[in-house]
Structure formats: structure tokens, C-alpha cells
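To start, the structure itself, in C-alpha cells.
The values are calculated or read from the model by the stated rules, or taken from the named source; none is laboratory data. All of these numbers come straight from a predicted model, not from anything done at the bench. Cβ placement follows ideal geometry from the backbone for every residue including glycine, while neighbour counts extend to all protein chains displayed.
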């Protein structure tokens, strides 16, 4: 049995606010008497823009696979279905989106591949899309700032200066999180505390 799917913790109508001149949304106000001892960051979309556009790779791939089951559902119907569960599972390891894909294939009478196979197919497509970004950073053709979420570096520096221990955890495969954190010059902020997904996701 895999992890429980994402569940909303806050009602959609709960008032929130954005930090001035940013896209950072404050869901719950917290007043701290002193800086926190630890801070945990997600990677893709929180710090890094290297994999920006990943839904445009994952969702069409899944729709293609589900269309092959021959249920007669329209592409629009399948796209809505896939978009909903992909976004609900966003933030978890990629494998859980692929597990859900396999379940949807089976539900339609198909014979699904192992979720790890689907994950490899997706990752191969994604790497084709983002290869120029990774190579651009590696060669210096792209500035690191161009592939960082605005304000991310300043936030890390501020926390580090206050003695906060920083942790990086991502649903992206761990080997690529390490590589891309290094390409962006972020590895020094986290040291050994960089974590990502592994194929043996049941551990």
C-alpha cells in the first residue's frame, strides 16, 4: 500500500496574503520569538526553475497512455482527469503519480507497465526538454540567477546567517537533486542534508 494521497489542510476560502512584491503566499501567520533551528525546503519550483514546465511533459504522456486503453473517452476528458491527479500528488515522489497512472490503466481494462517504467519514460522526455538548461548552467552560458526562483538565494543567505540548519528534500530523483543544486550553487547551503527520491521508494 502506498502513501495516502495529498489532502488539503486549509479550506479554499481561508484568508491568506502575499509578501509584498513577491508571489510568496502566507497561509498561516506565525510569530516566532527567535529564529527557527531548522528549515526544510522543497527544490523544484521553490528554489529551482530548471524543471519548470514538467506538467507539460507528464500530462500529455499519461493522456497518450490512457488513450491506448480504447475506452472512448475524449482527449479533453482524459486531460482533465490526469491534470487533477497529477496536481493532487504534486510534492510527493514522482513514482506516486506513476502508480496512479498504472491504476487508471488497469481500471480501464488495460495491462499497465510497472510504475518505474512509466517514471523512466517520463524522465527521458523531461530530460530532453531541460537538457539545454542544465548544459547552459554547466557551461556558464546561463546565469544561475536565471534558473533560481526570485528571492530564493536571499532567503537562504538570511537563514544561514541566522544559524538556521537548512535541509533540502525533493520528489525528484536524489542524484539529479544533488547535480542541479550544485549547478545552481545551492549545495553549500545544505551540505549533506540534500535528499531526493530513490527507485526503492518503499524503504
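Figures for the structure shown
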item: Those residues of the stretch 20-43 which are outside any loop (DSSP other than H, G, I, E, B) and loosely packed, with under 15 Cβ neighbours inside 10 Å, in sequence order; result: 25, 26, 38, 40
item: Hits in the stretch 163-200 (condition: surrounded by 19 or more Cβ atoms within 10 Å (Cβ to Cβ) and part of a loop (DSSP other than H, G, I, E, B)); result: 184, 186
item: Enumeration of residues in the stretch 89-115 that are surrounded by fewer than 16 Cβ atoms within 10 Å (Cβ to Cβ) and closer than 21 Å to residue 171 by Cβ; result: 91, 103, 114
item: Matching entry among 46, 69, 79 (being at pLDDT 95 or above and assigned to a loop (DSSP other than H, G, I, E, B)); result: 69
item: Residue among 86, 82 that alone is touching a helix residue (DSSP H, G or I) at 6+ places or on another chain (Cβ under 9 Å), surrounded by fewer than 19 Cβ atoms within 10 Å (Cβ to Cβ) and either within 28 Å of residue 200 (Cβ to Cβ) or touching a residue at least 60 places away in the same chain (Cβ under 8 Å) (or both); result: 86
item: Filter result for the condition that a residue is under 29 Å from residue 38 (Cα atoms), touching a helix residue (DSSP H, G or I) at 6+ places or on another chain (Cβ under 6 Å) and outside any loop (DSSP other than H, G, I, E, B), over 95, 99; result: 95
item: Selection within the stretch 123-151 - part of a helix (DSSP H, G or I) and in contact with a strand residue (DSSP E or B) (Cβ under 8 Å, 6 or more places away or on another chain); result: 123, 147
item: Hey, residue 159 touching a residue at least 24 places away in the same chain (Cβ under 8 Å) and touching a strand residue (DSSP E or B) at 6+ places or on another chain (Cβ under 7 Å) or not; result: yes
